[in-house]
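Just so it is clear, none of the values below were taken in a lab; they were calculated from the coordinates. This one's a predicted model, so the numbers in the text were calculated from it and none came from an experiment. Using ideal geometry, Cβ is built from the backbone for each residue, glycine included, and neighbour counts are taken over all protein chains shown.
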Amino acid sequence: MPLVYLDYENNEGNVFSGTAPLYPTMPVYAKQLGFSSVVVGTIYTIFPICGVIGKPFIGAMGDRWKAHKKLLLLFETLIMLSYFFIQFVPGLPQANNPPTVDVSCDSQVSFQVG
């Protein structure tokens, strides 16, 4: 199946989510860049809210200007570009002195982590 399937005869368009394999890996990538779980959770909360708010407006634009196919291709291109440019997001600065933890089970066994 292609990523974008357009049936021009019936004026239908289906977008097969080619970004679905990327979506579950984004939190892992964000953690590697140093973002906290709160930031990643906030981003994943904002995505569906924007979709719920934006879809009626985009649909109304397509209906008004009779440009469903153009809008579909425009937004698919924007999604593709946004996923491409994710690789250029810089990581958060890391501390020079990482925290260390001293673990002591008893007087004979002890080690330092960090």
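A few comments on the model shown:
- Simple label model, 7 Å out from Cα along Cβ direction - LEU71 to THR25, nm: 3.2
- Hz values of 3J(HN,Hα) by residue in the range 80-86 - Karplus curve (6.51, -1.76, 1.60), Gly and Pro given as x: 4, 5, 5, 5, 5, 6, 4
- Trypsin sites (Lys or Arg not before Pro) restricted to DSSP loop in the range 17-82 with at most 11 other C-beta within 10 Å: LYS66
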